[in-house]
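Since the structure comes first, as structure tokens, the remarks are kept for the end.
The values are calculated or read from the model by the stated rules, or taken from the named source; none is laboratory data. In this text, all values refer to a predicted model and were calculated from it rather than measured experimentally. Cβ coordinates were reconstructed from backbone atoms using ideal geometry, including for glycine residues, and neighbour counts include every protein chain displayed.
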Ligand code: NDP
């Protein structure tokens, strides 16, 4: 079994930043990229709020630069997904792709989070046939068509804006009577001529012969329900994310939503030498720059732990 001093799991801003710091500290880190190399930023559009990019940068380009920066200092970056782990004693053991076992003195978990779905059977039925959780991946297929985006946060507004540049019309389906997105995103969405916001509205189901052709909706105002249908070609989910922490659940303390618990102000988990950084451990901020900061903190903690 291969033995390493520092294993980093995940390749978003947290994982790569941890790799930059630990490789510069001569810890010869091994990083496994996970299901989505580059993480969630590779399926976003422009990143406008990461310090140092006054003109914005595409999420994919930013992650390629972080990858290159980590590789430059010698981080061993590999394809693979963690499928099992044994954190009962040091060195901790992690299984990659159900076959390769690695023993590591320390682990930095930076596995991020994945998109949530509403849980309607129709989401499964029309998966890849009009249902998507990634506007930047699939928006291209909806040029000059009509689409709906579900959610009222920054992600939903960003996806609606992106799709509004391609589609002829975008419905934004919001369950409350307000958007929770930042003011700048609310203003952009509400002033866009191609976007119609449907407040107080929930989705009951989808319909269509083979592909999505429409959605059954219900609007509730003052306890009164009004059911109606809209004709759409695409249905996009942007209702938040679930932390990718299930594989560690037998060992690590998590909150009720699955976020790995860390000691306040640190990235320490309940197991010495195991750290959690980025969205997998951050129910509050979930920002690329915060994830990068947490990756740095975790790397410094690893260095101190090992010495
Ligand atoms: P949020 O948790 O902020 O928003 C989720 C949205 O989905 C809310 O409007 C919520 O409604 C709605 N929702 C959740 N579950 C359901 C459901 N079952 N049915 C209908 N609607 C539902 O998630 P985001 O992904 O938008 O954002 C996460 C974090 O990332 C935030 O901190 C955000 O600011 C940040 N972010 C920042 C960006 C930027 O700065 N450029 C871009 C994207 C995200 P309700 O309000 O009723 O709970």
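Condition check: part of a strand (DSSP E or B), surrounded by 15 or more Cβ atoms within 10 Å (Cβ to Cβ) and either modelled with pLDDT of 95 or more or in contact with a strand residue (DSSP E or B) (Cβ under 7 Å, 6 or more places away or on another chain) (or both). Does residue 212 satisfy that? Working first, answer last.
Working: part of a strand (DSSP E or B): no; surrounded by 15 or more Cβ atoms within 10 Å (Cβ to Cβ): yes; either modelled with pLDDT of 95 or more or in contact with a strand residue (DSSP E or B) (Cβ under 7 Å, 6 or more places away or on another chain) (or both): yes.
Against the criterion (part of a strand (DSSP E or B), surrounded by 15 or more Cβ atoms within 10 Å (Cβ to Cβ) and either modelled with pLDDT of 95 or more or in contact with a strand residue (DSSP E or B) (Cβ under 7 Å, 6 or more places away or on another chain) (or both)), residue 212 does not qualify.
Given 34, 12, which one is touching a strand residue (DSSP E or B) at 6+ places or on another chain (Cβ under 9 Å) and in contact (Cβ under 8 Å) with a residue 40 or more places away in the chain?
On the way: 12 fails: touching a strand residue (DSSP E or B) at 6+ places or on another chain (Cβ under 9 Å).
Being touching a strand residue (DSSP E or B) at 6+ places or on another chain (Cβ under 9 Å) and in contact (Cβ under 8 Å) with a residue 40 or more places away in the chain holds for just one of 34, 12, which is 34.
Within segment 215-231, identify whether any single residue is in a loop (DSSP other than H, G, I, E, B), touching a strand residue (DSSP E or B) at 6+ places or on another chain (Cβ under 6 Å), surrounded by 18 or more Cβ atoms within 10 Å (Cβ to Cβ) and in contact (Cβ under 8 Å) with a residue 12 or more places away in the chain, and answer yes or no. Lay out the reasoning, then the answer.
Kept after step one, since they are in a loop (DSSP other than H, G, I, E, B), are these residues of segment 215-231: 222-223.
Next, only the ones that are touching a strand residue (DSSP E or B) at 6+ places or on another chain (Cβ under 6 Å) stay: none.
No: zero hits.
Quickly run through segment 1-26 and pick out the residues that are touching a helix residue (DSSP H, G or I) at 6+ places or on another chain (Cβ under 8 Å), surrounded by fewer than 24 Cβ atoms within 10 Å (Cβ to Cβ) and over 21 Å from residue 290 (Cα atoms).
Within segment 1-26, 5, 25 qualify.
Out of the helices (runs of 4 or more DSSP H) lying entirely within segment 84-190, which hold 3 or more residues that are within 16 Å of the ligand (Cβ to nearest atom) and out of contact with any strand residue (DSSP E or B) (no Cβ under 6 Å at 6 or more places or on another chain)?
On the way: elements: 121-125, 135-138, 154-164, 183-190.
Because the criterion is at least 3 residues that are within 16 Å of the ligand (Cβ to nearest atom) and out of contact with any strand residue (DSSP E or B) (no Cβ under 6 Å at 6 or more places or on another chain), the helices (runs of 4 or more DSSP H) in segment 84-190 that meet it are 154-164, 183-190.
Among the residues of segment 40-67, write down those that are touching a residue at least 60 places away in the same chain (Cβ under 8 Å) and not in a helix (DSSP H, G or I).
Once the filter is applied, which keeps residues that are touching a residue at least 60 places away in the same chain (Cβ under 8 Å) and not in a helix (DSSP H, G or I), segment 40-67 yields 44, 45, 47, 49, 50, 51.
Looking at residue 262 and the list (1) assigned to a strand (DSSP E or B); (2) in contact with a helix residue (DSSP H, G or I) (Cβ under 6 Å, 6 or more places away or on another chain), which single condition is not satisfied?
(1)
Condition (residue is in contact with a helix residue (DSSP H, G or I) (Cβ under 6 Å, 6 or more places away or on another chain), within 15 Å of the ligand (Cβ to nearest atom) and farther than 30 Å from residue 216 by Cβ) applied to segment 236-243: is it met by at least one residue? So that I can check it myself, show each step before the final result.
Of segment 236-243, the ones in contact with a helix residue (DSSP H, G or I) (Cβ under 6 Å, 6 or more places away or on another chain) are 236, 238, 243.
Pick out the ones that are also within 15 Å of the ligand (Cβ to nearest atom) and you get 236, 238, 243.
Narrowing the set further to residues that are farther than 30 Å from residue 216 by Cβ leaves 243.
Yes, segment 236-243 has at least one match.
One residue is enough: does segment 30-39 have a residue meeting the conditions modelled with pLDDT under 95, in a strand (DSSP E or B), surrounded by fewer than 22 Cβ atoms within 10 Å (Cβ to Cβ) and within 16 Å of the ligand (Cβ to nearest atom)?
No, because not a single residue in segment 30-39 is modelled with pLDDT under 95, in a strand (DSSP E or B), surrounded by fewer than 22 Cβ atoms within 10 Å (Cβ to Cβ) and within 16 Å of the ligand (Cβ to nearest atom).
Which one is farthest from the ligand (Cβ to nearest atom) among residues in segment 40-70 that are surrounded by 14 or more Cβ atoms within 10 Å (Cβ to Cβ) and modelled with pLDDT under 90?
42
Those residues that are farther than 19 Å from residue 42 by Cα and more than 16 Å from the ligand (Cβ to nearest atom), I need them from segment 278-307; list them, please.
Hits for segment 278-307 are 296, 297, 298, 299, 300, 301, 302, 303, 304, 305, 306, 307.
When you go through (1) more than 15 Å from the ligand (Cβ to nearest atom); (2) loosely packed, with under 15 Cβ neighbours inside 10 Å; (3) touching a residue at least 12 places away in the same chain (Cβ under 8 Å); (4) part of a strand (DSSP E or B) one by one for residue 275, which number turns out not to apply?
Only one criterion is unmet by residue 275, namely (2).
Output the number of the condition that residue 79 fails; it satisfies all remaining conditions of (1) more than 16 Å from the ligand (Cβ to nearest atom); (2) more than 24 Å from residue 243 (Cα to Cα).
(2)
Working only within segment 137-156, note down all residues that are in contact (Cβ under 8 Å) with a residue 40 or more places away in the chain, under 18 Å from the mean Cα position of the chain (by Cα) and farther than 17 Å from residue 58 by Cα.
149, 150, 151, 153, 156, listed by residue number.
Say whether the condition of being modelled with pLDDT of 95 or more and more than 22 Å from residue 43 (Cβ to Cβ) is met by at least one residue in segment 126-143.
Checked segment 126-143: no residue is modelled with pLDDT of 95 or more and more than 22 Å from residue 43 (Cβ to Cβ).
If we scan segment 244-260, do we find a residue that is within 13 Å of the ligand (Cβ to nearest atom) and modelled with pLDDT of 95 or more? Give the steps one after another, and end with the answer.
To start, the set of residues in segment 244-260 that are within 13 Å of the ligand (Cβ to nearest atom) comprises 257, 259.
If we keep only those that are modelled with pLDDT of 95 or more too, we end up with 259.
Within segment 244-260, one or more residues are within 13 Å of the ligand (Cβ to nearest atom) and modelled with pLDDT of 95 or more.
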